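A.B. asks: Sharing a structure below in C-alpha cells format, with a few things to ask.
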Amino acid sequence: MRKEIKDSTDASTGLTRRTFISGVAGAAALTLMPGERLYAGSGKNTIPVPPNFPAGIPLYQQTYTNWAQEISVADVWTCSPATPADVVTLANWGYTNGFRLRPLGSAHGFAPTILQRGSTGANFLLVNTMDSLTALTINTGGSPASVTAQAGVTVQQICEACEPYGLGFLHTPAPGDVTIAGSLAMNVHGAAFPSSNVALQPGHSYGTFSNLVLSLTAVIWNASTGSFALKTFQRSDSAIGPLLTHVSRAFVTEATLQMGPNLKLRCHSRVDIDMPTLFANPAVAGSNSFGALVNQYGSTELLWYPFVQTTGWVKTWEVAPTKPSTSREVTTPYNYPETVPLDQADQIAAYLRTYPSTVPQFNQQSAAATQQMMTPVAGDEDTQVYDLWGSAYCSTLYVQPETLRLTTAAWGVVLNHSNIQRAIYEFYLYLTNTLTALGGAGMYPYVGPVDIRGHGIESSSDVLISNAVQPYLSGARPLPDHSSYDVILWFAVNNNVDQPGAASFNTNLESWFLLNYSTYGIVRPEWTKTYAYTATGAYGGGWTNTTLLTKTYPGTFHNHGYSSNSNWNAALSTLDSYDPHRIFTNPFLDTLMP
Ligand SMILES: Cc1cc2nc3c(=O)[nH]c(=O)nc-3n(C[C@H](O)[C@H](O)[C@H](O)COP(=O)(O)OP(=O)(O)OC[C@H]3O[C@@H](n4cnc5c(N)ncnc54)[C@H](O)[C@@H]3O)c2cc1C
C-alpha cells in the first residue's frame, strides 16, 4: 500500500512538524559543506532516516544547491543507485513509503523542478545519477551511428568519447558537465541555426537535443503488476512523444542519440560591432546586424551588457575542415578564461544587490574585461581566444564552475527567420528604453548580460529513422497552424540573483514579450530557466504566475493545430499513465503539469 505523500512546503502555518524538528536539530546541526554527505547509519544524521530503505543503495543526507545558488535546501535525503534496476527499486519504495523521487544530475537547472526554494525536502528523495549511472556505448556500426548513455553521463563525456570515432554534436549547451538525462528532460540546446550557406550533415539536427533521441528507457508504471518497471521506447513510437522533453515528470535511465560527424568548427569572436549596429532597425540593418550574421554563418551567439553601447560579444561558428591561418587550434573546451572564484562571485553579487546604482559601472567593467580577453598578449599564443578552431565541442562548451553565478529569465520566440532582426531590434529598444527610464528613477533591477541565440526547430526529417515522433513539449516544436515559423530565437536574460526590483522588471519584460511578439511569433518558456513572473512573487518573481503556468504556456503546445493525441493535455495524461501515483513530481510541477 502506498502512504500519503505530504509536502511540508505547502503548509500554510509555516511551522510544520518537520520544520520544527529540523529547527531543533539545527541548533546542534552541522552545516554541510557543498557536496558533503552524511551517510545513513553513520550516527551523524540530523533528520530521521527514511523507513524501509532498500538495502545496498547508498543513502546520505546532503544539501541540495543549484548552480545559480538561488535554491538551497539543507538536509535532503539523497541516494546513488548503481543500476537502472536500482531506480526501479527506489520508485517502488517511494510509492509504498510515501516519498517522491527527484532525479538529480549536475544541478545546473534554474527552475524548481527538483526542489523549490523554501522546501524542507521532507518526503523527497533525490536520486543522484552521476555517481554510477554512467555507462556509455558508442554504436559506430549502426545506421545511423549513435551513442547510448545512461542518465548521468555528461554532454562533455559524450563529446570526448565520440571524438576518436569521428562523431560529434553540431552544437551543445554552454556547460559540458550537464547530464544527458537532465538535458533531455529540460530541452537543452546550443546555437544551431539553419543557414542556406551550410548543409546539415546526416546525424545532426538544428533542433534541440530532444530531437536527437532514437530511443530512451524510462521507469514506467505497470498497471498489471501494480509496480514500476523499465520500459524502452523507440523514436517511431508515439508513446515516446512526451518523454523527449518531459520537464522532469518522468525518470529516464538511458537514452540513445543519433550522432553526426565530428565537424571542425571555427569559432570567431567579435567585439568590434557596436550595439546599435547589431540591433539595428531591419529597415536599415547592414551586414553586421545580428540577422545578417545568422543568415551568413548560421550558428551565432550574442552576449550584451546593458548600459554598454559600444561592445557586445558576438560568436559565429563556421564549418572549416582545415584550420584557417588566423585561427588557433584547440583540442579541449573552455578556452575563455572566465574564472571568478565562488567567494568572489558571492561578494560581487552582494555588492550589486546592496549598491544597485553601481550596475552600469559593473557592466562597463565586464564589457571592458571581455574586450581585454579578446586582445591577445603578444608572445603568448594561449591568450588568443578570438579565433578558435577545433572539434565542435571545443568551442561550443564554455561555461565553467567559476563562471559568474547568475539567474536567467528565458523565453524562446518561434517565428519566421525573416523576422529575426525585427525581433531583436524591438527587444533592444524595449530594454534600453526601460532601463534608461528606471535608471533615471534610481532603479537598477537588471544587471545582465543578455544572451541571444538563433536555433532551428524540431524537424522530424533531421532524425535518421522513419516516422520520428516530435518532442511534444519541446519549446522548439513546430506549430501546425503557423508553418512559416521556421526558427526559434532563444533570449536568456541573465541577472544577479535577488537583484532588488527584479520581480517587477521581469514581470513587465515577460508581459512585453507576450504582447510584442504575438503578431508574428509564439513565446514559450525555456523550461529549465525562469518564467511566469509576478511582481510580488519570490525568486525575483519567477514561477509564480499561475495563469501563465497553467493556461498561456500550455496553450502554446495545445491550441495550434496539434492533434488531440499529441497536444499538451494528451502529453500530460500520457505522463500520468507512466506515473499515476505521481512519484516523479513536486509542488511546482503539480501546478505546471497537474
Ligand atoms: C551557467 C549555465 C549555462 C547554461 N547554458 C545552457 C545552454 O547553453 N543551453 C541550454 O539549453 N541550457 C543551458 N543551461 C541549463 C542546463 O543545460 C539545464 O538546466 C540542464 O537541464 C542541466 O542538466 P543537469 O544535469 O544539471 O540537470 P539538473 O539540474 O540536475 O536537473 C534538471 C532537471 O532534469 C531532471 N532530471 C535530471 N536527471 C533526470 C533523469 N535521469 N530523468 C528525468 N529527469 C531528470 C531533474 O529532476 C531536474 O528537474 C545552463 C545552465 C547554467 C547553470
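A.B. asks: From the list V49, V73, V87, exactly one residue is surrounded by 20 or more Cβ atoms within 10 Å (Cβ to Cβ), β-branched (V, I, T) and more than 26 Å from A255 (Cβ to Cβ). Which is it?
C.D. replies: Every option except V73 fails the conditions.
A.B. asks: So in segment 117-130, with the set limited to residues that are over 21 Å from A82 (Cβ atoms) and open to solvent by 40 Å² or more (accessible area, probe 1.4 Å), which one is nearest to the chain's Cα centre (by Cα)?
C.D. replies: The residue in question is R117.
A.B. asks: Check A571, A535 and return the single one that is touching a Gly at 6+ places or on another chain (Cβ under 8 Å), in a helix (DSSP H, G or I) and not β-branched (V, I, T).
C.D. replies: A571
A.B. asks: Considering only residues that are open to solvent by less than 10 Å² (accessible area, probe 1.4 Å) and not in a loop (DSSP other than H, G, I, E, B), which ones fall in segment 235-268?
C.D. replies: I240, G241, P242, L243, T253, A255, L257, Q258, G260, L265, C267
A.B. asks: Something else now. Under 8 Å between Cβ atoms, which residue pairs at least 6 apart in sequence (or on different chains) link something in segment 548-568 that is in a helix (DSSP H, G or I) with a partner that is loosely packed, with under 13 Cβ neighbours inside 10 Å and not charged (D, E, K, R)?
C.D. replies: T550/P594
A.B. asks: Among the residues of segment 201-214, is there at least one that is aliphatic (A, V, I, L, M), within 15 Å of the ligand (Cβ to nearest atom), part of a strand (DSSP E or B) and crowded, with 24+ Cβ neighbours inside 10 Å?
C.D. replies: Yes, segment 201-214 contains at least one residue that is aliphatic (A, V, I, L, M), within 15 Å of the ligand (Cβ to nearest atom), part of a strand (DSSP E or B) and crowded, with 24+ Cβ neighbours inside 10 Å.
A.B. asks: Determine, yes or no, whether F193 is touching a Ser or Thr at 6+ places or on another chain (Cβ under 8 Å) and in a strand (DSSP E or B).
C.D. replies: No, not satisfied.
A.B. asks: Further, regarding this structure: Here is a list of conditions, (1) open to solvent by less than 10 Å² (accessible area, probe 1.4 Å); (2) closer than 27 Å to L489 by Cα; (3) within 16 Å of the ligand (Cβ to nearest atom); (4) in contact with a strand residue (DSSP E or B) (Cβ under 8 Å, 6 or more places away or on another chain), and A218 meets all of them except one; can you say which number that is?
C.D. replies: For A218, the exception is condition (2).
A.B. asks: Moving on. Cβ contacts < 7 Å: first residue closer than 22 Å to V497 by Cβ and among the charged types (D, E, K, R), restricted to segment 108-137; second residue assigned to a loop (DSSP other than H, G, I, E, B) and open to solvent by 10 Å² or more (accessible area, probe 1.4 Å), any location; separation 6+ or different chain. Result?
C.D. replies: R117/A538
A.B. asks: A further question on this structure: Looking only at segment 244-277, count how many residues are of a type in the set (A, V, I, L, M, F, W, C) and free of Cβ contacts under 8 Å to residues at least 40 places away in the same chain.
C.D. replies: 0
A.B. asks: Between A122, A91, A68, which is assigned to a loop (DSSP other than H, G, I, E, B), among the aliphatic types (A, V, I, L, M) and touching a Phe, Trp or Tyr at 6+ places or on another chain (Cβ under 8 Å)?
C.D. replies: So the residue among A122, A91, A68 that is assigned to a loop (DSSP other than H, G, I, E, B), among the aliphatic types (A, V, I, L, M) and touching a Phe, Trp or Tyr at 6+ places or on another chain (Cβ under 8 Å) is A68.
A.B. asks: Sticking with this one: Which of the numbered conditions does S106 fail, given that it passes all the others? Conditions: (1) part of a strand (DSSP E or B); (2) under 23 Å from the mean Cα position of the chain (by Cα); (3) among the hydroxyl-bearing types (S, T, Y).
C.D. replies: Failed condition: (1).
A.B. asks: Within segment 388-422, how many residues turn out to be in a strand (DSSP E or B), over 30 Å from I522 (Cα atoms) and open to solvent by less than 10 Å² (accessible area, probe 1.4 Å)?
C.D. replies: Of the residues in that region, 3 qualify.
A.B. asks: Test V385 against the stated conditions and say whether it is away from the ligand (no atom under 16 Å from the Cβ) and either assigned to a helix (DSSP H, G or I) or open to solvent by 70 Å² or more (accessible area, probe 1.4 Å) (or both).
C.D. replies: No.
A.B. asks: Further question: Scan segment 269-297 for residues that are surrounded by fewer than 21 Cβ atoms within 10 Å (Cβ to Cβ) and in contact with a helix residue (DSSP H, G or I) (Cβ under 6 Å, 6 or more places away or on another chain) and jot them down.
C.D. replies: Answer for segment 269-297, where residues must be surrounded by fewer than 21 Cβ atoms within 10 Å (Cβ to Cβ) and in contact with a helix residue (DSSP H, G or I) (Cβ under 6 Å, 6 or more places away or on another chain): V271, N281, P282, A285, N288.
A.B. asks: In segment 166-199, what count of residues is obtained for those that are out of contact with any helix residue (DSSP H, G or I) (no Cβ under 7 Å at 6 or more places or on another chain), touching a residue at least 40 places away in the same chain (Cβ under 8 Å), open to solvent by 10 Å² or more (accessible area, probe 1.4 Å) and more than 8 Å from the ligand (Cβ to nearest atom)?
C.D. replies: 5
A.B. asks: So which residues in segment 52-64 are assigned to a strand (DSSP E or B) and either within 15 Å of T120 (Cα to Cα) or open to solvent by 20 Å² or more (accessible area, probe 1.4 Å) (or both)?
C.D. replies: Of everything in segment 52-64, those that are assigned to a strand (DSSP E or B) and either within 15 Å of T120 (Cα to Cα) or open to solvent by 20 Å² or more (accessible area, probe 1.4 Å) (or both) turn out to be Q61, Q62, T63, Y64.
A.B. asks: Quick test for you: out of A369, A345, A350, A378, pick the one residue that is out of contact with any helix residue (DSSP H, G or I) (no Cβ under 6 Å at 6 or more places or on another chain) and in a loop (DSSP other than H, G, I, E, B).
C.D. replies: After applying the criteria, what remains is A378.
A.B. asks: With the checklist (1) open to solvent by less than 10 Å² (accessible area, probe 1.4 Å); (2) more than 23 Å from the chain's Cα centre (by Cα) in hand, flag the one item Y336 doesn't pass.
C.D. replies: (2)
Residues checked against (1) outside any loop (DSSP other than H, G, I, E, B); (2) crowded, with 17+ Cβ neighbours inside 10 Å; (3) on the phi > 0 side of the Ramachandran plot:
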position: L133; (1), (2), (3): no, yes, no
position: T137; (1), (2), (3): yes, no, no
position: S143; (1), (2), (3): no, no, no
position: G152; (1), (2), (3): no, yes, no
position: C162; (1), (2), (3): yes, yes, no
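A.B. asks: I'd like the residue in segment 460-489 that is of a type in the set (S, T, N, Q) and more than 20 Å from the chain's Cα centre (by Cα) and, out of all such residues, is most open to solvent (accessible area, probe 1.4 Å).
C.D. replies: N467
A.B. asks: In the list L514, L548, L575, which residue meets the criterion of being touching a helix residue (DSSP H, G or I) at 6+ places or on another chain (Cβ under 9 Å), within 16 Å of the ligand (Cβ to nearest atom) and closer than 27 Å to F209 by Cα?
C.D. replies: The unique qualifying residue is L575.
The values are calculated or read from the model by the stated rules, or taken from the named source; none is laboratory data. Quick caveat: nothing in here was measured; it's all calculated off a predicted structure. Here the Cβ is made from the backbone with ideal geometry for all residues, glycine too, and neighbour counts use every protein chain on show. Remember, those area values only see protein heavy atoms, side chains included, never the ligands or the DNA or RNA. Shrake-Rupley method; radii C 1.70, N 1.55, O 1.52, S 1.80 Å.
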